[in-house]
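What follows is one structure encoded as structure tokens, with my remarks underneath.
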Amino acid sequence: MKKILIGLLAVLVLSACSGGSASSIVGQWELVSHGSASSQTPAVEGVDTSIEFSADGKLHGNVGCNVFNGDYKVDGDTLTFSPVASTLMFCEDVAAQESSTLAVFSESATFVLDGDTLTITSADGASVIVLAKK
């Protein structure tokens, strides 16, 4: 019985320390919606979007027209971003979703990870994006 309890305890400790993907934002995500918390706008249909949080603290992606990149750090439920660089092409059909998304990646934001859904809110609460795991 003692061996079973020790084995069970070891499994629980290892599971808690593993930092598994369920508690990590690392990976590729697609934009689901953007805008204010009270008025989300669905991502433009038929436009491929991709936002990647790399394990080495790099952020890069494309939310319809321009590519962007920068660095990020996670501390609890807070993301802190280095200045995000972006190309500057104008694409009228996705301009609003690009500006909403990039506004969230300014300085710091909070996030909630719920299964395969990641919601990121800007520090001032004015901008929110909802992402789905790819």
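Bear in mind these aren't lab numbers, they're just calculated from the coordinates by the rules spelled out. The structure presented is a predicted model; accordingly, all values stated were derived computationally and were not measured. Every residue, glycine among them, receives a Cβ derived from its backbone with ideal geometry; neighbour counts consider all protein chains shown.
The figures follow:
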{"item": "Neighbour cut-off at most 15 other Cβ (10 Å), DSSP loop, chymotrypsin sites (Phe, Trp or Tyr not before Pro), segment 79-134", "result": "90"}
{"item": "Compactness of segment 24-100 as Cα Rg over 2.2 N^0.38 Å, two decimals", "result": "1.12"}
{"item": "Debye, to nearest 20: dipole size of segment 19-134, +1 on Lys, Arg Cβ, -1 on Asp, Glu Cβ", "result": "160"}
